[in-house]
Every structure is written in C-alpha cells, then in structure tokens.
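Undergrad: Starting off with a structure, shown below.
The values are calculated or read from the model by the stated rules, or taken from the named source; none is laboratory data. In this text, all values refer to a predicted model and were calculated from it rather than measured experimentally. Because the Cβ atoms are built from the backbone with ideal geometry, glycine has one as well, and the counts that use them run over all protein chains shown. Surface areas here come from the heavy atoms of the whole protein model, side chains and all, with no ligands, DNA or RNA. Shrake-Rupley method; radii C 1.70, N 1.55, O 1.52, S 1.80 Å.
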Amino acid sequence: MRRLGAPRPRPPETVAAGTVVLAARDVAVSLGGIPILLGVDLEIAAGEVVALVGPNGAGKSTLLGALAGDQPVDAGRVELDGRPLDEWSGTDLALRRAVLPQAVTVSFPFSVRDVVEMGRAPWVAVDGDPDGAAAVDAALAECDVGHLAHRSYPTLSGGERARAALARVLAQASPILLLDEPTAALDLHHQELVLGLARRRTDEGAAVVVVLHDLALAAAHADRIAVLSAGRIVAAGPPAAVLRDDLLSDVYHHRIEVIAHPRTGVPMVMPRR
Ligand code: ADP
Ligand code: MG
C-alpha cells in the first residue's frame, strides 16, 4: 500500500551492459554475536551472471540476503544503481530485484499459478498490471511448470516446487535476479534449463547472482565466479582464473582436480579420488 504523499513507484530504467547495478561495499554481518561476513566487496553489472560458490556455512545465503536488502548489514553498505538500499522504497526495490530464497515455504494450498502471480504484486502498485497474466504464462512456460499451473503448490515434488518458486521470481520481471541454489533439487535437464534462462535474462540486460554448489555448472554458465570462504571473498573473476586446484583444495578442505574439458576447454572440477 502506498503512503499518501509518498512518491509513486517508478519502473526500472534500462541501463547499458557493463553498468554496475548492485554493489556490496565492505559489508560486515554478525548473527547471534558471530561474525558471518567480514568486509565483503562485490560489484554486479548488467549483462553478467555471477556465481557465488563456497563451502556450507561460508556465508553465501547471508551475502545474498544482504544484496537483496533482506539481511541488515552491521557495517559497510549495499548500493543499488548507486544509491544505498535503505533509500529505496519497498515497492521500488521489488520492481528492481527479485529474490529466490534457499528455502521457499508455502504451506497454504495455493495453486502454482497463484504462487507465480504473487511475483506480480509490485507491478499492481505501478499501473494495475495489465501485462500480469502474460508475464505469469511466460514464466510458467520458461520454468516448465505450465502443466502444473492448477496443482496445489504443497503437493509438488521438490524439483517441481523449486521450478515453480523460480517462476514466481521470473514473473516479477526485475532487472536484478538473486537466486539461492536454484538448481539444488533439479535433474540435469532442468539445471541446464535454469542456467539457460538466467543467461537469456542477462542477454536482455539483467544482472544475475546465483549461488551454486556445482562448480562445473558455475564454470559452464557464469561470466564470473566469486568464492566465499569463512565470510570473505577469497577469489573472484572469470571461471578459468578462479577454478584452480590449489585455491579450491584450500577452500573446500578436500583435494580437488580441475581439468579442461577435451572438447570445450571449460574447466571441470572434481574431488581427487
Ligand atoms: P551458506 O549459505 O554459505 O551455507 P549461510 O549464509 O546460510 O551459509 O550461513 C553462514 C553461517 O552463519 C553458518 O555458519 C550459519 O550457521 C550461521 N548463521 C546463520 N544464521 C544464524 C543465526 N541466526 N545465528 C547464528 N549463526 C547463524
Ligand atoms: Mg545457503
């Protein structure tokens, strides 16, 4: 609901590829008195897919939450289009960034279509959302859940739920996508489908930050990979520069081998067995 006298929410403007749209600047977060993020700097530009990787507990979800403005920061700041997040109204923020949390809980028996329609809420505030139904149909089809549109969300399988939750995020049609392990529950075909549609969005000018555990998937689909370890970014750059045996073995506390794919040259990452 818009406060009386508050400025009307504005749809996001298109920016040139390469323009920094989201930035964490020296961000620190503590939870329960424990430092979780320590001085994180990360810039994300329009047109790029940035994969955020690192061991369990490294702080990936916390960082994604901070970038989204859902997790308050104790020090430093997060800027969207050069302005601190707390200067944006809730609706203006929702028009600019969409968030797929690691766990999506919907216990009420909403249909899949209802869940995806929730992604359109910010647009209703702008113009009553005449494009809503078409955006919902497109997102359902993109995530291969069109055939499940009338099913009750809580009855879906884990992978179907993950795709329906992603469809809600895509229906929001925001230029920044923050996706926390969107592929964790998916089969191989749907993993490729999800990263393919992330790429389609960046080709159209969006910026995507995606938390991934599968380093081969990150290598194949990300423009840049940021490696988070114990609350710090220890490496960030193009996949071939970041995915190195020594660095990964250190970060994951496990001997890791990186081999170039014989046909594509894309780094393949595997534990040394
Ligand atoms: P990741 O997504 O990289 O696996 P998270 O960002 O979810 O890691 O969590 C980072 C660390 O913060 C973990 O060790 C987790 O246990 C801890 N943590 C998360 N929430 C809290 C909390 N409310 N209180 C204390 N520690 C927390
Ligand atoms: Mg996480």
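Residues are listed down the side, and each one gets a yes or a no for (1) more than 20 Å from Ile233 (Cβ to Cβ); (2) touching a helix residue (DSSP H, G or I) at 6+ places or on another chain (Cβ under 9 Å); (3) within 13 Å of ligand 1 (Cβ to nearest atom):
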{"position": "Asp41", "(1), (2), (3)": "no, no, no"}
{"position": "Val50", "(1), (2), (3)": "no, no, no"}
{"position": "Gly54", "(1), (2), (3)": "no, yes, yes"}
{"position": "Lys60", "(1), (2), (3)": "no, no, yes"}
{"position": "Gln71", "(1), (2), (3)": "no, yes, yes"}
{"position": "Ala75", "(1), (2), (3)": "no, no, no"}
{"position": "Glu87", "(1), (2), (3)": "yes, no, no"}
{"position": "Leu93", "(1), (2), (3)": "yes, yes, no"}
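Residue-by-condition table, conditions (1) under 23 Å from His221 (Cα atoms); (2) without any contact (Cβ under 8 Å) to a residue 12 or more places away in the chain; (3) in a helix (DSSP H, G or I):
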{"site": "Val27", "(1), (2), (3)": "no, no, no"}
{"site": "Leu37", "(1), (2), (3)": "no, no, no"}
{"site": "Asp41", "(1), (2), (3)": "yes, no, no"}
{"site": "Gly57", "(1), (2), (3)": "no, yes, no"}
{"site": "Ala66", "(1), (2), (3)": "no, no, yes"}
{"site": "Gly76", "(1), (2), (3)": "no, no, no"}
{"site": "Val104", "(1), (2), (3)": "no, no, no"}
{"site": "Val116", "(1), (2), (3)": "no, no, yes"}
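Undergrad: Using the structure shown, decide if Ala171 is closer than 28 Å to Glu79 by Cα and out of contact with any Gly (no Cβ under 6 Å at 6 or more places or on another chain). Walk me through it before giving the result.
TA: Working: closer than 28 Å to Glu79 by Cα: yes; out of contact with any Gly (no Cβ under 6 Å at 6 or more places or on another chain): no.
Answer is no for this residue.
Undergrad: Any chance region 156-168 includes a residue that's more than 28 Å from Ala220 (Cβ to Cβ), in contact with a helix residue (DSSP H, G or I) (Cβ under 8 Å, 6 or more places away or on another chain) and either open to solvent by less than 40 Å² (accessible area, probe 1.4 Å) or assigned to a loop (DSSP other than H, G, I, E, B) (or both)? Write out each step before concluding.
TA: Taking region 156-168 first, the residues more than 28 Å from Ala220 (Cβ to Cβ) are none.
No: region 156-168 contains no residue that is more than 28 Å from Ala220 (Cβ to Cβ), in contact with a helix residue (DSSP H, G or I) (Cβ under 8 Å, 6 or more places away or on another chain) and either open to solvent by less than 40 Å² (accessible area, probe 1.4 Å) or assigned to a loop (DSSP other than H, G, I, E, B) (or both).
Undergrad: Looking only at region 51-68, which residues are closer than 20 Å to Ala94 by Cα and either open to solvent by less than 30 Å² (accessible area, probe 1.4 Å) or away from ligand 2 (no atom under 13 Å from the Cβ) (or both)? Spell out how you get there, then give the answer.
TA: Looking only at region 51-68, we keep the residues that are closer than 20 Å to Ala94 by Cα, and these are 61-68.
Scanning region 51-68 gives Thr62, Leu63, Leu64, Gly65, Ala66, Leu67, Ala68.
Undergrad: Residue check: is Gln71 within 19 Å of the chain's Cα centre (by Cα), more than 18 Å from Leu148 (Cα to Cα), surrounded by fewer than 18 Cβ atoms within 10 Å (Cβ to Cβ) and not acidic (Asp, Glu)? Working first, answer last.
TA: Details: within 19 Å of the chain's Cα centre (by Cα): yes; more than 18 Å from Leu148 (Cα to Cα): yes; surrounded by fewer than 18 Cβ atoms within 10 Å (Cβ to Cβ): no; not acidic (Asp, Glu): yes.
So Gln71 does not fit the description; no.
Undergrad: Could I ask something else about it? Which of the residues belonging to region 82-102 are outside any loop (DSSP other than H, G, I, E, B) and free of Cβ contacts under 8 Å to residues at least 40 places away in the same chain?
TA: Step one: list which residues in region 82-102 are outside any loop (DSSP other than H, G, I, E, B), which gives 83-87, 90-100.
Result: Arg83, Pro84, Leu85, Asp86, Glu87, Gly90, Leu93.
Undergrad: Here's a follow-up. Just for region 202-239: of the residues that are in a helix (DSSP H, G or I), under 19 Å from Leu177 (Cβ atoms) and open to solvent by 20 Å² or more (accessible area, probe 1.4 Å), which one is farthest from ligand 1 (Cβ to nearest atom)?
TA: Checking each candidate, the answer is Asp203.
Undergrad: Quick check on region 172-201: of everything there that is assigned to a loop (DSSP other than H, G, I, E, B) and within 14 Å of ligand 2 (Cβ to nearest atom), which residue is farthest from Val99 (Cα to Cα)?
TA: Going through region 172-201, the residues assigned to a loop (DSSP other than H, G, I, E, B) turn out to be 172-175, 181-187.
Adding the requirement that they be within 14 Å of ligand 2 (Cβ to nearest atom) leaves 181-185.
On the way: Glu181: 11, Pro182: 11, Thr183: 14, Ala184: 16, Ala185: 17 Å.
Here the residue is Ala185.
Undergrad: Are any of the residues in region 13-23 surrounded by 15 or more Cβ atoms within 10 Å (Cβ to Cβ) and not hydrophobic (A, V, I, L, M, F, W, C)?
TA: no
Undergrad: Does any residue in region 176-204 that is closer than 20 Å to Glu160 by Cβ and at pLDDT 95 or above come within less than 8 Å, Cβ to Cβ, of a residue that is open to solvent by 50 Å² or more (accessible area, probe 1.4 Å) and acidic (Asp, Glu) six or more places away or on a different chain, and which pairs are these?
TA: What qualifies is Thr183/Asp214; His190/Asp144; Gln191/Asp214; Leu193/Asp144.
Undergrad: Could you list all residues from region 240-255 that are within 16 Å of Val266 (Cα to Cα) and part of a loop (DSSP other than H, G, I, E, B)?
TA: If the condition is that a residue be within 16 Å of Val266 (Cα to Cα) and part of a loop (DSSP other than H, G, I, E, B), then Leu243, Arg244 are the ones that fit.
Undergrad: Could you check how many residues of region 212-240 are at pLDDT below 95 and over 21 Å from Val194 (Cα atoms)?
TA: Of the residues in that region, 1 qualify.
Undergrad: Out of Ser107, Ser111, I need the residue that is away from ligand 2 (no atom under 16 Å from the Cβ), farther than 30 Å from Pro271 by Cα and surrounded by 14 or more Cβ atoms within 10 Å (Cβ to Cβ). Which one?
TA: Working: Ser107 fails: surrounded by 14 or more Cβ atoms within 10 Å (Cβ to Cβ).
Every option except Ser111 fails the conditions.
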